[in-house]
1. Does anyone have the angle between helix 212-226 and the longest principal axis of the chain? Alpha-carbon axes, 0 to 90°, nearest 10?
2. How big is region 1-77 along each principal axis, measuring the range of its Cα positions in Å and listing the largest first?
3. Could you sort 1, 117, 109 by their accessible area in this structure, using a 1.4 Å probe and putting the largest first?
4. Between 0 and 90 degrees, rounded to the nearest ten: what's the tilt of helix 175-189 against the longest Cα principal axis of the chain?
5. Pairs 270/303; 139/223; 12/336; 203/223: which exceed 20 Å Cα-Cα?
6. With a sphere of radius 10 Å drawn around the Cβ of residue 53, what net charge do the other residues whose Cβ falls strictly inside it have (Lys, Arg +1; Asp, Glu -1)?
7. Karplus couplings for region 255-268 from phi (6.51 cos²θ - 1.76 cosθ + 1.60, θ = phi - 60°), rounded to Hz, Gly and Pro as x?
8. Calculate one ³J(HN,Hα) per residue across region 66-72 by plugging θ = phi - 60° into the Karplus curve 6.51 cos²θ - 1.76 cosθ + 1.60, and present them in order as whole Hz with x for glycine and proline.
Amino acid sequence: MEFTGRKIEILKEVIGRFIAKADPVSSRRIAQDSEFDLSSATIRKEMAELEEMGYLTHPHTSAGRTPTDKGYRFYVDNVIREQLEVNIDDNKSDITFDMAIGKDMEIEMILQRSAEMLARFTNYLSLVVAPTIQQSRFKHIELLKFHGGNLLMVLITDTGKVYKRNSVLTGEYTELDLQAATNILNVQLRDKNIIDIDVEDVKMHKGDSYLILLVNKIIELIKDCIKEDFQHNRVFVHGASVILQQPEFIDLKKIQNVLKVIENEYLLLKLLSDFSRDKDFVVKIGTELFEEGTEDLSLIASKYKIFGNSTGAIGILGPKRMDYSRVIRNLNLFRKNLTGIFNSRA
């Protein structure tokens, strides 16, 4: 069955109307209200064929039709992306980004407030994930020696996050030796991606060769920090009550499914981690998220930068009927402003 231009226009009309009203769309309503010079019977025939092709479906209690995941996917990949390619950088948005940020405010507090603001402007659930150590860069390291040969390594990333590791110091190293090793590492590893750090990155002068074992030990401790699983990272969530006010979630079972997703921090982290870093935006629809419990939801995800380096994830979770164009525009401006806030603090 051919996917004609007329079918595409009718599909766009059905999806646009369903997004706006959340009511199944009938052929009669399209014939009455739209600019199509087509009879209700012709539109009904085209809608029936679109249903046969898998783009539309219809509730048993209604003569109208609603989009399927396949229909939404076509709409996002063709209609929305085409609009955004032309207008995404026109800076037109519902958001007036005005968040009071103190100079000394911690990054996690900024991300928490960002999640709250994003939820208010989109009326959907907002998700903001802090960068993991795997996405961070080396900024500074300190080595502290305690009684009994115990060593404390303090690692600071470009996001300001601090990691600490304890170890037993082997060898007769003095405080001056620790300072020398600290200076070597801080000079040679600064701004390097932490996940890429290796002993081969540190070049030792002949006079410092006695520090090789100490430096290698510190590199091992850094690698131990990297092994932290991403589920220990922070995800800031806001807007749970708002998303449940959407008409899709009147049914108790659907409410329970949404709450299970919202309350599962590991799942939310995975949702925002499983997309290509090469794309500005990723849209996942219904069962594209997970096979069970997310069939009524869609996710729009993007990324932001901290100090021009580390990448964190930001996303909006809402009903499949969400206004994709508006949300993507707002999310685009929001992440640019969030990146700008961090760049101004560098």
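The values are calculated or read from the model by the stated rules, or taken from the named source; none is laboratory data. Every value quoted in this text rests on a predicted model; they were computed, and no experiment measured them. Heads up, the Cβs are rebuilt from the backbone with ideal geometry, glycines too, and the neighbour counts pull from every protein chain shown. For accessibility, only protein heavy atoms count, side chains too; no ligands or nucleic acids. Shrake-Rupley method; radii C 1.70, N 1.55, O 1.52, S 1.80 Å.
1. Here the helix axis deviates by roughly 20 degrees.
2. Here the Cα extents, ordered largest to smallest, are 28, 27, 21 Å.
3. Greatest to least solvent exposure: 1, 109, 117.
4. 40 degrees
5. Numbers: 270/303 14 Å; 139/223 15 Å; 12/336 30 Å; 203/223 18 Å.
From the list (270/303; 139/223; 12/336; 203/223), the Cα-Cα distance tops 20 Å for 12/336.
6. On the way: positive: 7, 70; negative: 2, 49, 51, 52.
Net of charged neighbours comes to -2.
7. So the Karplus estimates, Gly and Pro as x, are 4, 4, 5, 5, 4, 4, 5, 5, 7, 9, 4, 4, 5, 5 Hz.
8. 10, x, 8, 4, 5, x, 4
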